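A.B. asks: Below is a structure I'd like to ask you about.
The values are calculated or read from the model by the stated rules, or taken from the named source; none is laboratory data. Everything numeric here is computed off the predicted structure, so don't read it as measured data. Cβ sites come from the backbone with ideal geometry, for glycine too, and all protein chains shown count toward neighbours.
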């Protein structure tokens, strides 16, 4: 049974790390209606910032400041936020699919920069030996992972709490107003451009946090970790879980990651060995099928957006 | 409908957990986990590699398995993604209880698996195909704790051979054009270090990104400084584009190319007549009966020759791990790790692939004798970092014919590297 427990801890760490990024996307898309198709790029910024700030120093590569883990986390959020400001200023005047194409392009650009700017990122070889903070706190791998999970759970809870405060505050209602009708919001004296940018940057910071946690947990970063498919995964998590619902975002991360990885486990159990080489294709079909079914039966996600009516309205 | 959905989901979860429980209770068969990309961009390559790995297990089982226990080959797909590969490896180790891991193909997946699963869980990981130098660096820092091995001969010897060829031909000023992947970057950097030690000079180092329409900018830059030769690390399609542009812009036809360009597609795309001064090196198939044995076994099983990346090396990866399990007192990661070195160590009685060879190896081990596995890639000898070397050959084009010009044994290659690393 210890194996099952050990695996579940490992699984939950990755699921919740993605979950934090999904929460960021939820703020952007779910509440503000910003179609950010560049999630992988912001994960990458956070991941590399973590690696550069906390990693060991190497000749011929910038960074390796061996700073404490917490500084790495804050730095990663800062770097992703800064990236968000720059990219947001350039792209946020675009709407809908235009924004999607622009952010997608930027994510690919970021990945290519990671691949080519060897001095900063180590290029294709990546950066090795990034410290996992739990290795100093415990010696048994199971205990290390349990501590890491506790930390990720705490961070997820903190992020969730913060986002709930934000979206339930008047500012959150403005986000939704902009999502539904920007001109109407503007006519009420709100500044949609600034609010859209703020929401975008906050979301990007959370993606950076997710990337940083992933890299610290794995202990290695390479451009290979931030392929465009990650963006698709994060989006799927949000849509399956329930857009514009923070609990839905977390649930979606866990469910989709379980489908994505559990399908491999199930297939390896039921497929006879001689067909194992085809299991990859079967797994892809299974993942697709589950996603399509979930959208057919729960089009608004597992936990969709709660309908809000003003507290002061008499029903 | 909604309620039904909940029950179905709950039932599924219960069945899932129950099936996990079953798996945990088993002792026999012994499980060997494989994490390979059988879908995604590397799917085609990965599938053949996986089939060959499964075949190696089949051969071992024909000889009676490990410790009289059949071996079960359990494959999980990485989809070419690091996070998916890491999860697959962890699930193989924790849920399936595999005793060792084979894989992955891309270094970008193998390395996360190594640092986050294999080393903490104390499970041996043997890759057939990952070429990145990061593994060697990690091993030198002591972070692999010896659990990492690869049966793929690393870039190290390729760089050394390239440098040797260049200087033996008497070239003094060489431009380097290389593909911008972990493979290309590692190889090119080593080459530059080596060539300086052998008395050559580098005029420029130009990286190129794959699948572009034209490489005029890169080629123009590489032409600066009037190189008398060019070292090209590329794959056939892009390599042909680069070579054509290089020659048409007046570059020298003194080409030294990596083994990835030893391909008819490349020669035809450029034109044989322009490549008569081209020289190259390649991993030589060692001239050993064990290699022929493997080729024949493979031919009989799959009805075709073992042409393709990683096939020889995955067969050896699996066989070495299983031999180490047979030799180990108990199936712990530490014991398997130490025995991998034992069953490949210099001075043991040589044993070969195939059911008969494995039977003989097992008999020798039972008598307490030292064995040395000589397999599909020849005699494997792992250095302290888990890397192996392979024999090399040099070649050139003679008209349209691809002609071998020299052969270097594993020992000669090792000597050359020792000389360069001093």
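A.B. asks: When you check residue B:245 against the structure, is it part of a loop (DSSP other than H, G, I, E, B) and outside the structural domain of residue B:309 (by TED's automatic domain parsing), yes or no?
C.D. replies: Answer is no for this residue.
A.B. asks: So residue B:121 clears everything in (1) modelled with pLDDT under 90; (2) within 11 Å of chain A (Cβ to nearest Cβ) except one condition, right? Which one?
C.D. replies: Result: residue B:121 fails condition (1) only.
A.B. asks: Quick test of your reading of the structure: residue A:243 fulfils all but one of (1) part of a helix (DSSP H, G or I); (2) away from chain B (no Cβ under 12 Å). Name the failing condition by number.
C.D. replies: Unmet for residue A:243, out of (1) part of a helix (DSSP H, G or I); (2) away from chain B (no Cβ under 12 Å): (1).
A.B. asks: While we're here: Looking at (1) modelled with pLDDT of 90 or more; (2) surrounded by fewer than 16 Cβ atoms within 10 Å (Cβ to Cβ); (3) within 14 Å of chain B (Cβ to nearest Cβ), which one does residue A:162 not meet, given that it meets all the others?
C.D. replies: Unmet for residue A:162, out of (1) modelled with pLDDT of 90 or more; (2) surrounded by fewer than 16 Cβ atoms within 10 Å (Cβ to Cβ); (3) within 14 Å of chain B (Cβ to nearest Cβ): (3).
A.B. asks: Related question: Please pick out the residue among A:124, A:103 that is in a helix (DSSP H, G or I) and away from chain B (no Cβ under 14 Å).
C.D. replies: The conditions single out A:103.
A.B. asks: Answer yes if at least one residue in the stretch B:126-135 is part of a strand (DSSP E or B), under 26 Å from residue B:90 (Cβ atoms), in contact (Cβ under 8 Å) with a residue 60 or more places away in the chain and in contact with a strand residue (DSSP E or B) (Cβ under 6 Å, 6 or more places away or on another chain), and no otherwise.
C.D. replies: Yes: the stretch B:126-135 contains one or more residues that are part of a strand (DSSP E or B), under 26 Å from residue B:90 (Cβ atoms), in contact (Cβ under 8 Å) with a residue 60 or more places away in the chain and in contact with a strand residue (DSSP E or B) (Cβ under 6 Å, 6 or more places away or on another chain).
A.B. asks: Among the numbered criteria (1) in contact with a helix residue (DSSP H, G or I) (Cβ under 8 Å, 6 or more places away or on another chain); (2) outside any loop (DSSP other than H, G, I, E, B), which single criterion is violated by residue B:105?
C.D. replies: The failed condition is (2).
A.B. asks: Please determine whether any residue of the stretch B:66-74 is touching a helix residue (DSSP H, G or I) at 6+ places or on another chain (Cβ under 7 Å), in a strand (DSSP E or B) and more than 10 Å from chain A (Cβ to nearest Cβ).
C.D. replies: Yes: one or more hits.
A.B. asks: Select, from B:379, B:390, the only residue that is touching a helix residue (DSSP H, G or I) at 6+ places or on another chain (Cβ under 7 Å), under 30 Å from residue B:268 (Cα atoms) and at pLDDT below 85.
C.D. replies: B:390
A.B. asks: Restrict the check to the stretch B:143-158 and report whether at least one residue is surrounded by fewer than 24 Cβ atoms within 10 Å (Cβ to Cβ), within 11 Å of chain A (Cβ to nearest Cβ) and out of contact with any helix residue (DSSP H, G or I) (no Cβ under 6 Å at 6 or more places or on another chain).
C.D. replies: yes
A.B. asks: Oh, and also: The conditions are (1) assigned to a helix (DSSP H, G or I); (2) exposed (fewer than 15 other Cβ atoms within 10 Å of the Cβ); (3) within 14 Å of chain B (Cβ to nearest Cβ), and residue A:216 fails exactly one of them. Which is it?
C.D. replies: Here residue A:216 meets the rest and fails (2).
A.B. asks: I would also like to ask the following. Of (1) more than 10 Å from chain A (Cβ to nearest Cβ); (2) more than 20 Å from the chain's Cα centre (by Cα), residue B:104 satisfies all except one. Which?
C.D. replies: In the conditions (1) more than 10 Å from chain A (Cβ to nearest Cβ); (2) more than 20 Å from the chain's Cα centre (by Cα), residue B:104 misses (2) alone.
A.B. asks: Which count do you get for residues in the stretch B:31-51 that are closer than 25 Å to residue B:94 by Cα and either assigned to a helix (DSSP H, G or I) or under 17 Å from the mean Cα position of the chain (by Cα) (or both)?
C.D. replies: 10
A.B. asks: Turning to a different aspect of this structure: Among the candidates A:162, A:211, A:241, A:219, single out the residue that is within 15 Å of the chain's Cα centre (by Cα) and under 28 Å from residue A:69 (Cβ atoms).
C.D. replies: A:211
A.B. asks: Here is a follow-up. Taking into account only those residues within the stretch A:266-299 that are within 25 Å of the chain's Cα centre (by Cα) and not in a helix (DSSP H, G or I), which is farthest from the other protein chains (Cβ to nearest Cβ)?
C.D. replies: The qualifying residue farthest from the other protein chains (Cβ to nearest Cβ) is A:299.
A.B. asks: In the set A:257, A:235, which member is buried (at least 24 other Cβ atoms within 10 Å of the Cβ) and within 17 Å of the chain's Cα centre (by Cα)?
C.D. replies: Within the list A:257, A:235, the selection yields A:257.
A.B. asks: Looking only at the stretch B:147-199, filter to residues that are under 18 Å from the mean Cα position of the chain (by Cα) and part of a loop (DSSP other than H, G, I, E, B); which one of those is nearest to residue B:379 (Cα to Cα)?
C.D. replies: B:151
A.B. asks: So is residue A:33 more than 11 Å from chain B (Cβ to nearest Cβ), touching a strand residue (DSSP E or B) at 6+ places or on another chain (Cβ under 9 Å) and at pLDDT below 95 or not?
C.D. replies: No.
A.B. asks: I would also like to ask the following. Residue under question is residue A:230, and the condition is that it be within 27 Å of residue A:24 (Cα to Cα) and more than 9 Å from chain B (Cβ to nearest Cβ); does it hold?
C.D. replies: Here the answer is no, as residue A:230 does not meet what is asked.
A.B. asks: Please work out if residue B:85 is on the phi > 0 side of the Ramachandran plot, in the same structural domain as residue B:297 (by TED's automatic domain parsing) and surrounded by 23 or more Cβ atoms within 10 Å (Cβ to Cβ).
C.D. replies: Details: on the phi > 0 side of the Ramachandran plot: no; in the same structural domain as residue B:297 (by TED's automatic domain parsing): yes; surrounded by 23 or more Cβ atoms within 10 Å (Cβ to Cβ): yes.
No; evaluated as a whole, the condition is false for this residue.
A.B. asks: Of the numbered conditions (1) surrounded by 17 or more Cβ atoms within 10 Å (Cβ to Cβ); (2) within 14 Å of chain B (Cβ to nearest Cβ), residue A:27 fails exactly one; give the number of that condition.
C.D. replies: (2)
A.B. asks: Taking only the stretch B:359-388 into account, find how many residues are within 23 Å of the chain's Cα centre (by Cα) and not in a loop (DSSP other than H, G, I, E, B).
C.D. replies: Result for the stretch B:359-388: 7.
A.B. asks: Show the residue pairs meeting these rules: Cβ distance below 7 Å; 6+ apart or different chains; first residue within the stretch B:39-58 and more than 9 Å from every other protein chain (Cβ to nearest Cβ); second residue surrounded by fewer than 22 Cβ atoms within 10 Å (Cβ to Cβ) and in a helix (DSSP H, G or I).
C.D. replies: Here the result reads B:55/B:301, each pair linking the stretch B:39-58 to a residue that is surrounded by fewer than 22 Cβ atoms within 10 Å (Cβ to Cβ) and in a helix (DSSP H, G or I).
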